[in-house]
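Trainee: I am attaching a structure below and will ask some questions about it afterwards.
Please treat every number below as a calculation from the coordinates, not as lab data. Fair warning: this is a prediction, and the values are worked out from it, not measured in the lab. Quick reminder, even Gly has a Cβ in these numbers, built from the backbone with ideal geometry, and neighbours come from all protein chains shown.
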């Protein structure tokens, strides 16, 4: 594995497209979004069709938007290029890019339950007695 492959991270991007896009043009907007990621040297893992939704509060004076999510792998330098392109994209009214957690890091942060061999074998009465004496 070379150094460039070690630097690639997995990201998740949620985005809102303007509701003014006609239904039959959504496919071309998704293709353009995918092109932005690929042009930044990214690899799209999963790209679903966005759904039109009512927003909880207006975003750029819009009460509805097409909400979609895309998962991709990219180096951090390429991510900066994508963010700049998204900021200039007129049909994307808001986006959020998050780095997906590494599975091994998630396992380390989970609370470990003591195994049966680690729990001292005391009866309930003995444990209660020791707690009351403390």
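Trainee: If you stretched the chain out fully between residue 7 and residue 77, how much longer would it get, using 0.36 nm times the residue separation minus the C-alpha to C-alpha distance?
Mentor: Working: separation 70, 0.36 × 70 = 25.20 nm, distance 0.97 nm.
Residue separation times 0.36 nm, minus the Cα-Cα distance, leaves 24.2 nm.
Trainee: For the residues 11, 57, what sequence is obtained by ranking on other C-beta atoms within 10 Å, fewest first? Provide the component values of the computation, followed by the final result.
Mentor: Details: 11 19, 57 5.
Ranking 11, 57 by Cβ neighbours within 10 Å, fewest first, gives 57, 11.
Trainee: Take the alpha carbon gyration tensor of segment 3-102, find the square roots of its eigenvalues, order them as a ≥ b ≥ c, and report rounded if a/c is under 1.5; if not, report prolate when a/b exceeds b/c, else oblate. Spell out each step's value before the answer.
Mentor: Values: a/c = 2.10, a/b = 1.89, b/c = 1.11.
Here segment 3-102 falls in the prolate category.
Trainee: 7 Å from Cα along Cα→Cβ at both residue 54 and residue 130: what's the point-to-point distance in nm?
Mentor: That separation, rounded to one decimal, is 5.8 nm.
Trainee: Please provide three numbers in whole Å: the alpha-carbon extents of segment 1-62 along the principal axes, with the largest listed first.
Mentor: 46, 25, 17
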